[in-house]
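Visitor: There's a structure below that I have some questions on.
The values are calculated or read from the model by the stated rules, or taken from the named source; none is laboratory data. This is a predicted model, so every value here is computed, not measured. FYI the Cβ positions are ideal-geometry reconstructions off the backbone, even for glycines, and counts take in every protein chain you see. Ligands, DNA and RNA are excluded from the accessible area calculation, which covers all protein heavy atoms including side chains. Shrake-Rupley method; radii C 1.70, N 1.55, O 1.52, S 1.80 Å.
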Amino acid sequence: MTAGKTFIEISNLSKRFGGLTAVDDVDFEVREGEVLGLIGPNGAGKSTTFNLICGYYPANTGSIRLDGKEIIGQPPHKIAALGIMRTFQHNMPFEGMSVTENVMVGAHTTLHGGLIPVLLGTGRARSEERALRKKADELIDFVGLSEERDTPVTSLSFGQGRLLETARALAGEPRLILFDEPAAGLTPSECVRLSEIIRGIADRGIAVLLIEHDMHFLMSLAERVVVLNFGSKIADALPQDIRNNPAVIQAYLGDAAVIGADTENGSGADA
Amino acid sequence: MADLLELLVSATASGCVYGLIALAYLLVLRPTGVINFASGEWAMMGAYAAYVISDAGGLPPILAIPAAALVLAIIGWLTEWLTVRPLVERGAGHLAPILALLGMLVIYHQVVLLSFSEDQYPLDGPFGFGRIEFGLLAGSYQDFFIVGATIAIFIGFWLFFERTVWGRSFEAVAINRRAAALMGINLRMVTALSFAGAAAIAATAGVLDSPRGSVEANMSLPLAVQGFSALIIGGINRVEGALLGGIVLAFAEDLTRRYAPIPSGLALGVTPVLLITFLLVLPNGILRAKEAK
Amino acid sequence: MGAAIRWGGAALIMCVVPFLLPLYEMDVYRKMLFWVALAISYNFLFGIAGQMALSHFAFAGIGAYTVVILMTQAGVPLLLAIPLALGLAGILAFIVSFAATRLEGFYLALATLAFAQLFIVILDEGGALTGGTGGLTSYKLPLVFGFEIQGPWLAIAMALVLLLTLAFLLRIDRSWYGRACRAIRDNGEAAAAMGVDVKRTKIMAFTLTSVMAAGAGMVYAFFDNTVNPPVFGLENAFMLLFMVIIGGSGSHLGAIVGAVLLRLLQDMLEPFVGQFHVMGLGILMVVVILVQPKGLVGIWDDLVGRKRAGRRKAKP
Ligand SMILES: Nc1ncnc2c1ncn2[C@@H]1O[C@H](COP(=O)(O)OP(=O)(O)O)[C@@H](O)[C@H]1O
Ligand SMILES: [Mg+2]
């Protein structure tokens, strides 16, 4: 999939926690239908970057533009309504609700009727509800949870929880979807399935921002990779070039195997 | 002026009682995240225990205090073991233990009502009734005794938390349960001891307070309410906060009752108004948390 | 169509029953309806929206006192006093929740408990306006077309309030709004990330259910033509919490079962054991929390589910 026009543009983004600068003057952009990888050692500021995009806390400096419009300062629910949906690094399902209802909550921002039609029980409200249920079921099929539709959310496996979060985020008809280490804790076969799902999402023209430690997983999906270290961006390049970027190797020093750097002949490109 | 100074002594004594109940809340709240509304019942039960021990058991009042604290420590420990531990081990949320303890509150209250025939029982303070004057400061023996005992207890707890390995492990659990478990701290033990200690402290508060009035089942609700109000006012992050909150609350109550030009019934509104104000304006209380070390 | 018949049937039964009961039982019955109506709306607030508020009875009291004061002291006609009282309850609820919904968990419980306490202090000290600790007594509903609304007719009024409350809450519970409330209860952060306006949703749930409580309180005020502070105090606020949890919090049926059961327990046991029936309440509470957090309704589901599973297994 060739990437479309720029959807989100981040510039000079910084976030400090007390004396610690978790995100330091970062800029990058994500285009429609593109999978952008975001990597970096633990504590590099990846999740913080996500939280800034989602409006979870205010940035100290910088701007985040969506279709050219500034979104910094908007609360999380408004940002979701603008088409940015996310999954969490640690699964956060709604435990008291069914699988289908979880996904239906994801569609919250796509609903248009208020409470009055609901109270009056108008045909419009009922058909919207029916359509929503159908859409949720389709998404559950899409991520491959059809068998688990009636399983209590608390009994889902970790991997299934991931898939549920994916379906829930997709229900909001996002234009940008954020994945925070989605492959962590998945079995190899679940990884393959998730990878296919993410590919499918990008093919629908949705921009994907993907934090991932599993380099094999990331490299097979990402069209471009941004690398953070101690909050700063140290690289923004094609996957095959990242592996042999000296700054990146330096950042992962002692753990070169993680990025699959081929330090001997500098031809690690197999993507 | 003498009037005011006398008021100060008795208000300080009331504040100490509130502070002790707040400490009982705090001891449970810090490591478990649970607010134990039964703290007021524990105070009331402590007072009954002291009455039985000194009346039927014939122990002198000064010994009835630790004896009642011990009885309640056992009850607190049993409560934790019966109602809180199963919930924690099942991974139930914070709400479940709070609600289970509310159920226990009702049971405690009914057991006391069932076991005692009269509405009120007198309880003697260790020094009996009488007044002393230190220059302008004047108050009853019991008031001065309450203040002294409370200061001793708070210093003890402060030293325990600041200076002992055990106290530090309580603090570690309060800050992060999982990390504390990884450090090898026995969470079960810490939780059980928190409940036992909280019940003992609440009991002490009840025993100290009763000679100023009487031992009665009705004493539990006001103490429960004043205890958590003091806790919120002082701030839940530090042991000293409990005492400070108690004193502030007692002074606000007593000064309003005595000097504000409003009916005394309306002065009862001081506690809820202070509580609401602190929750909304200063939710961390007067004393802020110490910077993490 | 089926739904209309079911609701109509329920309404009919609830309205006929009070005419068949002797006076004392009729009074027990209509007071039970009052509790059930409150339990249903409280269940939405606590069990579905996840707000552990202890102000529900205070709002019932605000409805009751306001309508009585408006009618007897300001001479406002009933049909105007009702919307005014509901409006006042709504405004107060909005203010309380606007301030309190940023408080989580037991902090909300403490804030609303303080509010409820303050309400009682004001009632006790309200002088002629509220009648002080004795409350207001011996007022009367005006005649409606020359007809005196009393006795079983008030049971009908309460039944209608109850059914309206239930119908209203069932509808919104099964809509996007109910899902948003449950999502906030389960995980506020994730709900916000899904686009749910957490603060607004919470305020709405608090205000709506508090107004419903005020509605029930208004009818209650004319049961015995007396309102007094103890009814609207903390003890009953906690009782409501116990009802909802024992019945099964988050379930409408659970709220109804809990309220009916605990009222019956009280009315049937009180003559024999005095107030010690309260002990049973505490024991039930502890057992339910330990055994099945979904309450009696959850225990019932477990039993039926097990039986069904057994039958399925029995089939070859
Ligand atoms: N809410 C917070 N308060 C204080 N420090 C934080 C907070 N969130 C993250 N940090 C710190 O910011 C840094 C970046 O964290 P994070 O973005 O989670 O890293 P990662 O790249 O592993 O996702 C870490 O040092 C972390 O400890
Ligand atoms: Mg992270």
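Visitor: What percent does the relative contact order of chain A come to when contacts are Cα pairs within less than 8 Å and at least six residues apart?
Guide: 25
Visitor: Can I ask one more? Ranked from the most accessible area to the least, with a 1.4 Å probe and all protein chains present, what is the order of B:Trp42, B:Trp81?
Guide: B:Trp81, B:Trp42
Visitor: Hey, what angle do you get for helix C:105-124 against the long axis of chain C, alpha-carbon based, 0 to 90 degrees rounded to 10?
Guide: 20
Visitor: Excluding C:Leu108 itself, calculate the net charge of residues whose Cβ lies under 14 Å from the Cβ of C:Leu108, where each Lys or Arg counts +1 and each Asp or Glu counts -1.
Guide: So the environment of C:Leu108 carries a net charge of +3.
Visitor: Please state, to two decimals, what the Cα-based radius of gyration of the protein assembly as shown comes to when divided by 2.2 N^0.38 Å (N = residues).
Guide: For the protein assembly as shown, the normalised Cα radius of gyration is 1.06.
Visitor: Follow-up question, since we're still on this one. Run a plain Debye calculation on the range A:1-158 (Cα atoms as equal point scatterers, no solvent) and give log10 I(q)/I(0) at q = 0.19 Å⁻¹, rounded to two decimals, same order as the q list.
Guide: -1.24
Visitor: Right, next: Could you work out the relative contact order of the range C:234-316, using alpha carbon pairs under 8 angstrom and six or more residues apart, expressed as a whole percent?
Guide: 32
Visitor: Specify, per residue and in Å³, the volume enclosed by the convex hull of the alpha carbon atoms belonging to the range C:183-256.
Guide: Hull volume normalised by residue count: 115 Å³.
Visitor: For chain A, what is the calculated [θ] at 222 nm in deg cm²/dmol (nearest 500), taking -39500 (n - 2.57) for each run of four or more DSSP H residues and dividing by its residue count?
Guide: Only helices count here, giving -10500 deg cm²/dmol.
Visitor: Could I ask something else about it? Note down the accessible area of C:Cys15, probe 1.4 Å, to the nearest 10 Å².
Guide: Estimated to the nearest 10 Å², C:Cys15 gives 30 Å².
Visitor: Right, another one. Once the whole set of protein chains is in place, how much accessible area is left on B:Ile151, using a 1.4 Å probe, in Å² to the nearest 10?
Guide: 80
Visitor: Working from the alpha-carbon coordinates of the range C:2-232, get Rg over Rh, Rh being the Kirkwood radius.
Guide: A ratio of 0.99.
Visitor: Can you give me the angle between helix A:188-203 and the longest principal axis of chain A, using Cα atoms only, in degrees from 0 to 90, rounded to the nearest 10?
Guide: 80
Visitor: Can you pull out the GluC sites (Glu not before Pro) in the range B:119-185 whose DSSP state is coil and whose Cβ has at most 15 other Cβ atoms within 10 Å?
Guide: Listed in order of number, the matching sites amount to none.
Visitor: On the full set of protein chains, 1.4 Å probe, figure out the accessible area of B:Met183 and give it in Å² to the nearest 10.
Guide: Accessible area, nearest 10 Å²: 130 Å².
Visitor: What whole-number distance in Å separates the alpha-carbon centres of the range A:72-112 and the range B:169-224?
Guide: About 40 Å separates the Cα centre of the range A:72-112 from the one of the range B:169-224.
Visitor: Say the dipole of the protein assembly as shown comes from +1 at the beta carbon of Lys and Arg and -1 at that of Asp and Glu; which of B:Phe160, C:Pro152, C:Leu141 then lies farthest toward its positive end?
Guide: Highest projection toward the positive end goes to C:Pro152.
Visitor: Still on this structure, please answer the following. Ranked highest first by the average count of other Cβ atoms within 10 Å around their residues, in what order do C:25-34, B:56-65 fall?
Guide: C:25-34, B:56-65
Visitor: Identify, among C:Asn187, C:Met204, C:Gly274, the residue whose Cα sits farthest towards the positive end of the charge dipole of chain C, taking +1 on the Cβ of Lys and Arg and -1 on the Cβ of Asp and Glu, with the dipole about the Cα centre.
Guide: C:Asn187
Visitor: In percent, how large is the relative contact order of chain B, given Cα pairs closer than 8 Å and 6 or more residues apart?
Guide: 36
Visitor: Please state the charge dipole magnitude for the protein assembly as shown, taken about the Cα centre, from unit charges on C-beta atoms (+1 on K and R, -1 on D and E), reported in debye and rounded to the nearest 20.
Guide: 1600
Visitor: Return the subset of A:Lys46/A:Lys233; C:Lys31/C:Lys294; A:Lys5/A:Lys69 for which the Cα-Cα distance in this structure is over 19 Å, preserving the input order.
Guide: C:Lys31/C:Lys294
Visitor: Please report, in debye to the nearest 20, how large the charge dipole of the range C:2-232 is about its Cα centre when each Lys and Arg carries +1 at its beta carbon and each Asp and Glu carries -1 there.
Guide: 620
Visitor: Does the range C:77-133 come out rounded, prolate or oblate, given a ≥ b ≥ c as the square roots of the eigenvalues of its C-alpha gyration tensor, rounded meaning a/c under 1.5 and, failing that, prolate meaning a/b above b/c?
Guide: oblate
Visitor: Taking a 1.4 Å probe, which of A:Asp137, B:Asp143 shows the most accessible area, and what order do the others take after it?
Guide: From most exposed to least exposed: A:Asp137, B:Asp143.
Visitor: Which net charge results when you count Lys and Arg as +1 and Asp and Glu as -1 among the other residues whose beta-carbon is under 14 Å from that of B:Leu5?
Guide: Computed value for this residue: -3.
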